[in-house]
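Chemist: One structure coming up, written as structure tokens, with questions to follow.
The values are calculated or read from the model by the stated rules, or taken from the named source; none is laboratory data. Everything quoted here is computed from the prediction, not taken from an experiment. Cβ atoms come from the backbone with ideal geometry, glycine included; neighbour counts cover every protein chain shown. Protein only, heavy atoms only, side chains kept; ligands, DNA and RNA dropped before computing areas. Shrake-Rupley method; radii C 1.70, N 1.55, O 1.52, S 1.80 Å.
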Amino acid sequence: MRYEIQFLFIVKKGLIMRMWFIPKLLSAVLIALSGSFSVPNQDQTVLAEIKENHHEITLNTSTQPVQGMYSGITVSWNNRTKSFPWENISEPAFYPEVATGNIDGKGQDEAIIILTTGKGSGTRASAVHVLKDDWTEIPVGDAVTKAKNALYSMYKEHTATVEYTLNIAGNEYAYSYPIEDAGMWFEQAVVGNILRYRVQENKLIAEMPVQVSPGTFTGSIEVEFREHNGTLVPAEVIYVENL
């Protein structure tokens, strides 16, 4: 049985016109009409954007910061969009960084999203996400543990100075500081309180300053990642002294 709906349309000169619609046809008309009206989007904050190597990538959020953090970030990549439950500090100075590169050495470029997830006096926490063009994410290994395992230190305190002897990845370094330069000296050199990431020549690198006091740094341990079985694993360890 087929049901029909009758509509009456009153037009000029007193004429009445009747039109018959099949429900399915009426639904299609209503859907088409509704699609012609735009629905206002939520206000969005642009966190980062780049245009390079045939890639256009924008990071934004439609959420309001809670306790200094944005929660929920949308990635727009060459007119494709996907949202992720990532967090980042809401201060513009700590907004995310985005880059592209063939980090895994296979196929197409990846999008590398670097987030700042915490900060404090002598501390900084970061997170990195490496996205392939099908939105799958390449896991990234633990660079902090790699750096800690590569560092050994000895501390000596004298009347007017403190001395540190560091062994990093098999190389030895010696430092001496006036004891009054810091209110507190660590008994061992510390790495991992500050973590940053960067992309350089299609390589993902984690950078971690080596601290001997909350505000004294001897240099930075840099850990380069390499692809292994679908994961970016911490590989080469390099120490860069402060000049």
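Chemist: For E224, E49, what's the largest-to-smallest order of accessible area, 1.4 Å probe? All intermediate terms of the calculation are to be shown ahead of the outcome.
Modeler: Values: E224 25, E49 125 Å².
Largest accessible area first, the list is E49, E224.
Chemist: Give me the accessible area of I103, 1.4 Å probe, in Å² rounded to the nearest 10.
Modeler: Estimated to the nearest 10 Å², I103 gives 10 Å².
Chemist: Hey, quick one: spin label on E236, modelled 7 Å out along Cα-Cβ, who in the stretch 172-204 has an amide N within reach, i.e. under 18 Å?
Modeler: Counting backbone N atoms under 18 Å from the label point, the list is 197-204.
Chemist: Also, I was wondering about something else. Order of 199-212, 54-67 by packing, highest average Cβ count within 10 Å first?
Modeler: Working: 199-212: 19.2, 54-67: 15.0.
Put in order of decreasing packing, that is 199-212, 54-67.
Chemist: Full-extension gain between N171 and I50, please, as 0.36 nm times their residue separation minus the C-alpha to C-alpha distance. Provide the component values of the computation, followed by the final result.
Modeler: Values: separation 121, 0.36 × 121 = 43.56 nm, distance 3.89 nm.
Value of the extension gain: 39.7 nm.
Chemist: How much length would be gained if the chain were fully extended between N149 and N202, taking 0.36 nm per residue of separation minus their Cα-Cα distance, in nm to one decimal? Before the final figure, lay out the partial values.
Modeler: Numbers: separation 53, 0.36 × 53 = 19.08 nm, distance 2.54 nm.
Extra length from N149 to N202 when fully extended: 16.5 nm.
Chemist: Further question: Over the heavy atoms of R80, what accessible area does a 1.4 Å probe trace out, to the nearest 10 Å²?
Modeler: For R80, solvent-accessible area is about 90 Å².
Chemist: Taking a point 7 angstrom from the Cα of A93 along the C-beta vector, which residues in the stretch 113-139 have backbone N less than 17 Å away?
Modeler: Within reach of a label on A93, which here means backbone N under 17 Å from a point 7 Å along Cα→Cβ, the stretch 113-139 contributes 116-126.
Chemist: Does the stretch 120-222 classify as rounded, prolate or oblate by the C-alpha gyration tensor (a ≥ b ≥ c root eigenvalues; a/c under 1.5 gives rounded; else a/b over b/c gives prolate, otherwise oblate)?
Modeler: Numbers: a/c = 3.35, a/b = 2.31, b/c = 1.45.
Prolate.
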